[in-house]
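So the structure is just underneath, and the comments pick up after that.
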Amino acid sequence: MNKFLPLVLLLSAPISLTAQQNPSLPPNYTTILTNDTFKVIRVHYGPHEKVPVHNHPAIPTVFVYLNNSGPVNIIHYRPKPFTITRPPTHLGAFRVGPGIIERHAIENLSDLPSDFLRVELPHLSEKITEFRGPAPATLTHNIDASEFSSPHLSIRRVLCVGTTPCTVPPPSAPSVLVAFSNTSLIQNGHTTKTGPGTVISIAPQQSFQISPATASEPAHILLISSR
């Protein structure tokens, strides 16, 4: 079991904060946040690890990549056996999956671990368009960009460089924030320091700022909102 689990902070409505193993999934999958809008599952594949056959439901999902990893084989068993190779992932990248029933096994082909989040959207019955958001090409300047938008899902990236806090536009819908770096979250004059892989629930219209928690790296977050 991977020892690194992201911190989950409560900044909104009632939510389940207890990390728990889903009995229907291998121990590589740990549920770290659940509420009416999101189910966030932390995933870890060790170097050259093989994960046995398991199922994922037909739920629209945002995959958020927490490290630079190598290729991973995904061996599908439905409707007929076939294998695809997920290419190497990069810290800060994400993929929007439309949500299909999956029955598959996993084989990590690399000497590197693979760490990512499955941000599932169980309240959505509509299909979401497949989309891949790359990691930023540079971390040397401020970024505030909407990187995906649909009627029911939006994803914003904010990168904050320097000592001046950056204001994040308040989301119009329930949201989760994923931190990719050591980041200070500032709300109502109170500062909370978060680490890489932190997941935070954000209420609609909630105002906050972010700034680097250390001088060695910028603050870097992804804000996923869904209605």
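The values are calculated or read from the model by the stated rules, or taken from the named source; none is laboratory data. What you see is a predicted model; the values in this text were computed from it and never measured. Cβ: placed from backbone, ideal geometry, glycine included. Neighbour counts: every protein chain shown. These area figures cover heavy atoms from the full protein model, side chains too; ligands, DNA and RNA do not enter into them. Shrake-Rupley method; radii C 1.70, N 1.55, O 1.52, S 1.80 Å.
Within segment 108-178, which GluC sites (Glu not before Pro) sit in a loop by DSSP and count at most 12 neighbouring Cβ atoms inside 10 Å?
Details: sites: 120, 126, 130, 147; in loops: 126, 130.
When the GluC sites (Glu not before Pro) of segment 108-178 are filtered for loop state and at most 12 Cβ neighbours within 10 Å, 126, 130 remain.
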- Starting from the Cα of residue 164, step 7 Å along the direction of its Cβ; do the same at residue 140; then give the gap between the two resulting points in nm. 1.9 nm
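Nearest-5 percent of antiparallel DSSP beta bridges in the chain?
Details: 77 of 81 bridges.
Counting DSSP beta bridges with both partners in the chain, the antiparallel share is about 95 percent.
Assuming 0.36 nm per residue, please report the length gained on full extension of the stretch residue 227 to residue 193 beyond their Cα-Cα distance. Walk me through the numbers before you get to the answer.
On the way: separation 34, 0.36 × 34 = 12.24 nm, distance 2.76 nm.
Answer, rounded to one decimal: 9.5 nm.
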- Query: Along segment 92-97, what does the Karplus equation 6.51 cos²θ - 1.76 cosθ + 1.60 (θ = phi - 60°) give for ³J(HN,Hα), rounded to whole Hz, x for Gly and Pro?
  - Reply: x, 6, 8, 9, 9, x
- Message: Can you compute the modelled spin-label distance between residue 75 and residue 105, with each label point 7 Å from Cα toward Cβ, in nm?
- Response: 0.3 nm
- Query: Picking from 54, 141, 152, which is most flexible by a Gaussian network model of the chain using Cα springs under 10 Å?
  - Reply: 141
- Note on the structure: So the carbon and sulfur contribution to the accessible area of the chain, 1.4 Å probe, in percent, is 58 percent
- Note on the structure: Simple SL model, points at 7 angstrom along Cα→Cβ for residue 216 and residue 36; separation in nm is 4.2 nm
- Item | Debye intensity ratio I(q)/I(0), log10, segment 26-147, q values 0.16 Å⁻¹ (C-alpha model) | -0.84
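Provide the convex hull volume over Cα atoms per residue for segment 87-145, in Å³. Let's see the in-between values first.
Numbers: hull volume 8.0 nm³, N = 59.
About 135 Å³ per residue, rounded to a whole number.
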- Message: What are the ³J(HN,Hα) couplings of segment 165-180, residue after residue, when phi is run through the Karplus curve with 6.51, -1.76, 1.60 and θ = phi - 60°? Round to Hz, x for glycine and proline.
- Response: x, 9, 7, 8, x, x, x, 8, 9, x, 9, 10, 9, 10, 9, 9
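May I ask for the Rg/Rh ratio of segment 42-90, computed from Cα atoms with Rh as the Kirkwood radius, given to two decimals?
On the way: Rg = 11.9 Å, Rh = 12.6 Å.
My calculation puts Rg/Rh at 0.95.
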- Of the listed peptides 216-223, 81-88, 178-185, what is their order by residue-averaged count of other C-beta atoms within 10 Å, with the highest listed first? 178-185, 216-223, 81-88
- Just name one of 223, 184, 140: the one whose Cα is farthest towards the positive end of the charge dipole of the chain (beta-carbon charges, Lys/Arg +1, Asp/Glu -1). 223
- Based on Cα positions only, what radius of gyration and what Dmax would you give for segment 76-227, in angstroms? 17.0, 56
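What is the extension gain from residue 25 to residue 203, computed as 0.36 nm multiplied by their sequence separation minus the C-alpha to C-alpha distance, in nm to one decimal?
On the way: separation 178, 0.36 × 178 = 64.08 nm, distance 2.93 nm.
Result for the pair: 61.2 nm of gain on full extension.
Which whole-number value in Å² is the accessible area per residue of the chain, probe 1.4 Å?
Numbers: 10480 Å² over 227 residues.
Each residue of the chain exposes 46 Å² on average to a 1.4 Å probe.
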